[in-house]
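Here, each number is a calculation from the coordinates, and none is a lab measurement. All values reported here derive from a predicted model rather than from experimental measurement. When we count neighbours, we look across all protein chains shown, and the Cβ atoms used for this are built from the backbone with ideal geometry, even at glycine.
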Amino acid sequence: MNDIVVVGNAPLDQNETGSGRWIDSHKLVVRFNNFQTVGFETDRGSKTSIWVFIQNHWKVSLPRNELIPWVWQVCPNQRNTEAQYHETVAAGRPRWILRAREIMPVSSEIGCNMPSTGALAVYYLVQAYLTIDIIGFNHFSSEHLHYYSDGQPEYISHDREAEACYFRNLIAWHRIEKYTAG
């Protein structure tokens, strides 16, 4: 087991269910956008150390009762308003804003124009950690996009194949380890 786990929002595979304790046993737990833990603790755990969200999720996601030590805010179009800044700081959360210049190297390495929030986080975390654990990533290939909602949106702007290939490469290079039960 590694010190950090990145928890994606995809529905879990059969061999991933019941992994909440395993997730919470990590020193750092990274989650994305509109993740939910209440009611999903058995499979998803309850701990959150870093919350990564894209700019358009901040109003929906920000008012959480959970103590989240770090916030990574993804702002690809550079329209980070003062209201967002003050509300995030007022919430007492240190944050790192990923602007277009931080997203561009990820885009070229992954081979897609706009990587998902999860792919962005994994990219930067494997720069800082030798190996990280991941769970809950299926690269938008299932019937449901997120474990907490039904269905998929009609349009997904991320390149499913490019991200899946990037993750397969990271697994082959032993930079990420995908959770498997037992």
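Put in line by how crowded their Cβ is, counting other Cβ atoms within 10 Å and starting with the fewest, LYS27, LYS47 read LYS27, LYS47. A crude spin-label estimate for the pair THR17 and ASN169, with each label 7 Å from Cα along the Cβ direction, gives 3.5 nm.
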